[in-house]
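The values are calculated or read from the model by the stated rules, or taken from the named source; none is laboratory data. Bear in mind that the values here come from a model prediction, so they are computed numbers and not experimental data. Glycine also receives a Cβ, built like all others from the backbone with ideal geometry; neighbour counts cover every protein chain displayed. The area values use the complete protein model at the heavy-atom level, side chains included, leaving out ligands, DNA and RNA. Shrake-Rupley method; radii C 1.70, N 1.55, O 1.52, S 1.80 Å.
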Amino acid sequence: MRKPRWLAVLAVLASLTFLAAPGETEVRTGGTLATGSAPSQALGENIAFNVYLPGGYDRGTDRHPVLYLLHGRGDTMQAWTRVKTLLDDMIRTRRIPPVIAVMPDAPWSERGGWYTDSRYTGADLPGRPIETALTRDLVAYVDATYRTAPIREARLVGGYSMGGAGALRFALAHQDLFSAAAVLSPAVYTPLPPSDSSARDYGAFGKDGEKFSDEVYRELNYPALLPKLDPDLPVRLFVAVGDDEYANPDPADAHHDLDFESAALYNAARRSPALSAQLRVMDGGHDWTVWEPAFEQAMAELGPGLSVRPPTGLPAPLYGTAGPDWAGGVAAHADGSLTIGYAAGGNAVLTRVGGWTKQLGTAADERLYGVAALPDGGVLAAGYTKGDLDGRHAGNTTDDAFVASLDAGGAVRWITQFGVPGVADRLYGLTAAPDGGAYVVGYTKGALDGANAGDKDAIVARLSPGGEVSWVRQYGGVGEDKAYGVAADASNVYVTGGASAALPGAGPGTGSAAGSGTGSGTGLATGAGGTTAGGWLAAFTADGTRKWTATAGGTASDRLNAVAVTTTGLVVATGGVGGDAYTAAYTSQGKQRWQHTLATPLAEAGAAVVPLAGGEVEVAGHTRGRVGVQAGGADVLTLRLDGRGRQRAAAQLGTARDDGVDAFAEPNLYATATPSGEVAITGLTYGAPKGGDAPGNGDVFLVRTSPADPR
């Protein structure tokens with residue numbers, strides 16, 4: 001769900017502000033323009049260019065991202081110098097980081113070279129390797145001469161008209177060099193240019209003695225490049241065009257009008273897994289009344305994502321199979337070892353990292369949604385099964401909840417399966433009880449504790465150390481109610497979830513007394529009134545008596561995913577509210593102490609919360625926005641909050657594809673503290689790890705973050 005525009009604007013102001021890092025020069029003055037000349041082995045001559053250097057460049061030592069700006073047909077390297085004042089202003093107001101801008105001259109083929117390696121051999125306009133010269137020789141010279149970062153994340157290519165076509169070509173054909181492109185009024189035509197297009201006249205798409213070859217044009221044009229793109233090298237495109245572009249009078253060529261062609265480009269690009277695209281239709285024609293404001297919007301969108309540091313990747317190895325896999329939890333043991341859970345090949349799998357692996361499964365499907373350490377080195381696991389996992393449910397064909405206990409060597413001590421026959425019962429959360437038993441949460445579509453109040457009712461259950469179900473509490477309203485997270489201390493059990501409709505008795509974020517009701521499907525708490533849909537937090541006594549409830553948000557997409565008890569006794573819940581990562585802390589009596597929201601213009605949510613020393617917590621979740629250096633798609637988010645909810649650090653890590661979420665954008669991520677003070681995070685990734693391979697179709701990662709550096 002896209003955030004409301006006013007929220008996005010506020011988020012931009014908050015998240016796209018650039019503060020000078022230690023050792024960096026804070027830019028207070030305007031930049032400077034200079035000329036340069038880069039030797040080109042490909043051309044056998046020099047490439048002339050203008051260069052914009054940000055204010056303070058001569059006094060600083062820091063490195064900068066680079067913009068490569070390509071002029072249109074017939075123009076010169078002077079054309080782009082008009083954006084100097086705009087760059088000065090955007091850098092001064094910290095809408096973009098201080099950048100270097102290189103504006104090459106392209107005089108070849110009578111200034112109609114279209115930024116290609118021409119194969120035309122005619123004596124009138126001898127073909128020149130312009131694309132090779134600019135993408136290799138010029139880029140290499142700039143990196144050797146100026147304080148740049150020689151990584152793709154630090155480079156953007158832009159252009160207008162012929163230069164827009166060149167920028168698109170460079171970005172798609174050279175993903176190793178560029179991570180973003182500003183494509184303004186691009187002279188791109190599909191499948192071939194109209195008969196009156198100058199693309200046919202200068203040999204840029206020629207072959208041998210012909211100035212224009214259909215075959216060459218198709219080979220170099222973007223439809224041929226899209227299927228070859230590498231999704232692990234994502235490119236961000238910003239396409240803009242005027243609404244008063246030239247209208248071809250020939251009806252057969254109307255679809256070649258640049259507004260048509262730009263829309264076609266955008267719609268093709270947004271379907272590529274390697275591209276993210278934006279389209280803007282501006283007021284104006286094929287001139288700078290469009291290109292200057294379009295460039296400003298492009299830089300506002302793309303500039304903040306430029307970085308002189310590469311993104312932090314996920315480490316190898318990944319866990320899983322060539323089929324679909326999901327993360328299922330992580331537990332840290334006193335000896336420093338970790339156990340991770342995941343679903344692979346339709347079965348639940350538990351692995352002691354560096355040690356044993358145990359598969360729990362039937363011929364039907366199983367999923368894991370929680371792993372918890374036991375004091376003796378054993379482990380608890382919970383999830384759901386469609387089969388007869390415990391040997392006492394022959395003929396089962398619908399989801400049943402299950403909890404399993406394994407010893408330190410991976411041997412099964414017991415498995416408990418329970419649910420209502422013929423309907424779905426699922427567990428989504430698990431925590432160990434102080435006596436070695438378990439608390440689990442999820443939902444039922446049946447009646448486990450009184451009548452079902454709606455489509456799905458949330459459940460919380462207590463299991464003894466031997467695996468017996470001590471009690472089950474069922475609650476909900478008329479909508480779909482699910483419980484996702486659970487935590488316990490010596491006296492209380494805390495449960496988080498989401499509701500698609502009103503839940504009776506829940507308070508609006510500050511907690512509310514609940515009376516002494518014990519369930520029977522009547523809602524989260526007794527008492528008059530109700531709330532809108534959204535995330536919720538409920539407190540229970542150890543025997544299942546509801547104490548208080550609180551809510552967050554107000555839509556069916558709002559939910560609280562996880563909860564933990566801090567070292568100072570606060571109850572901290574995290575999730576997604578309004579498309580932002582939301583975290584709040586309560587006392588054991590239900591009084592809210594603090595709340596924290598991390599917001600970017602795109603979606604993020606907390607998925608796990610880990611208590612640390614001194615009352616601090618680390619929230620792990622996912623973001624599609626920019627918190628640190630974007631890797632691509634949804635990234636793993638780490639957020640450090642102190643005991644008062646103040647943000648100490650935030651970062652992101654991941655692959656070029658989605659991490660920490662499943663194919664339905666639901667969070668699939670877990671975290672726990674280790675005895676050494678690190679935080680271990682496991683989750684689903686659709687990408688490849690650094691220095692390793694991915695089995696494919698979604699695999700499971702494991703990463704450890706340090707308290708000193710949460711990245």
Highest average packing first - 623-634, 91-102, Cβ atoms within 10 Å:
623-634, 91-102
Using the Karplus curve 6.51 cos²θ - 1.76 cosθ + 1.60 with θ = phi - 60°, what ³J(HN,Hα) values do you get for each residue of the stretch 164-169, in whole Hz, with x for Gly and Pro?
x, 5, x, 4, 5, 4
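Using 0.36 nm per residue, how much length does the chain from Gln595 to Trp288 gain when fully extended, once their Cα-Cα distance is taken away? It would help to have the intermediate numbers written out before the result.
On the way: separation 307, 0.36 × 307 = 110.52 nm, distance 4.64 nm.
Residue separation times 0.36 nm, minus the Cα-Cα distance, leaves 105.9 nm.
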Partners for Lys211 among aspartates and glutamates (Cα-Cα distance below 16 Å; same-chain residues under 8 apart left out):
Glu110, Asp117, Asp124, Asp196, Asp201, Glu219
Taking θ = phi - 60°, what integer Hz values does the Karplus form 6.51 cos²θ - 1.76 cosθ + 1.60 yield along the stretch 418-430, in sequence order, with x for Gly and Pro?
8, x, 9, x, x, 10, 7, 10, 10, 10, 10, x, 8
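For the chain, what % of the accessible area comes from carbon and sulfur atoms, probe 1.4 Å?
Details: 13470 of 26060 Å².
The nonpolar share, carbon plus sulfur, comes to 52 percent.
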Show me, for the stretch 565-570, the HN-Hα J-couplings you get by feeding each phi into the Karplus relation (A = 6.51, B = -1.76, C = 1.60, θ = phi - 60°), rounded to Hz, glycine and proline as x.
9, 6, 5, 9, x, 7
For the chain, what is the charge dipole size about the Cα centre, in debye to the nearest 20, if Lys and Arg each add +1 at the Cβ and Asp and Glu each add -1 at the Cβ?
1840 debye
Modelled label-to-label distance, Thr674 and Asn697, 7 Å Cα→beta-carbon offset: nm?
3.1 nm
Cβ-derived FRET efficiency at R0 60 Å, Leu192 paired with Ala334, nearest 0.05
0.30
Under a crude label model (7 Å from the Cα following the beta-carbon direction), how far is Asp489 from Ala665 in nanometres?
3.6 nm
For the chain, build the charge dipole from Cβ charges (+1 Lys, Arg; -1 Asp, Glu) around the Cα centre, then report which of Pro234, Thr312, Gly164 sits farthest towards its positive end.
Thr312
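What does the helix-only formula give at 222 nm for the chain: each DSSP H stretch with n ≥ 4 adding -39500 (n - 2.57), the total divided by the residues, and the result rounded to the nearest 500 deg cm²/dmol? Don't skip to the answer; put the middle values down first.
On the way: 9 runs with 81 residues, N = 711.
Dividing the helical sum by the residues of the chain leaves -3000 deg cm²/dmol.
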Which value, in Å², gives the accessible area per residue of the chain when a 1.4 Å probe is used on the protein heavy atoms?
37 Å²
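Which of Lys84/Lys690; Lys386/Lys547; Lys228/Lys358; Lys482/Lys591; Lys445/Lys547; Lys207/Lys690 have a Cα-Cα distance over 30 Å? Numbers along the way, then the final one.
Values: Lys84/Lys690 38 Å; Lys386/Lys547 34 Å; Lys228/Lys358 40 Å; Lys482/Lys591 23 Å; Lys445/Lys547 24 Å; Lys207/Lys690 41 Å.
Cα-Cα > 30 Å for Lys84/Lys690; Lys386/Lys547; Lys228/Lys358; Lys207/Lys690; rest within.
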Per DSSP, loop GluC sites (Glu not before Pro) in the stretch 99-167 with at most 16 further Cβ within 10 Å
none
Tell me the accessible surface of Arg704 in square angstrom (1.4 angstrom probe, heavy atoms of protein chains only), to the nearest ten.
120 Å²
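Using only the Cα atoms of the stretch 371-462, build the gyration tensor, take square roots of its eigenvalues as a ≥ b ≥ c, and label the shape rounded, prolate or oblate: rounded if a/c is under 1.5, else prolate if a/b is larger than b/c, else oblate. Before the final figure, lay out the partial values.
On the way: a/c = 2.89, a/b = 1.55, b/c = 1.87.
The shape class here is oblate.
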Considering amide H positions built from the backbone, and no H for Pro or chain starts, which residues 5 or more places from Ala106, or on another chain, come under 5 Å of its amide H?
Met77
Euclidean distance between Cα centres, the stretch 395-453 to the stretch 309-352, Å
21 Å
Relative contact order of the chain, defined on C-alpha pairs under 8 angstrom at six or more residues apart (%)
9 percent
If the chain between Tyr146 and Leu233 were fully stretched, how many nm would it gain, using 0.36 nm times the residue separation less the Cα-Cα distance?
28.9 nm
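Got the relative contact order for the stretch 570-664 handy, in percent, Cα pairs under 8 Å and 6 or more residues apart?
Averaging sequence separation for qualifying contacts and normalising by length gives 21 percent for the stretch 570-664.
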The relative contact order of the stretch 337-474, taking Cα pairs under 8 Å that sit 6 or more residues apart, comes to a percentage of 16 percent
In nm, the gap between the two label points placed 7 Å beyond Cα toward Cβ at Asp244 and Thr76 is 2.8 nm
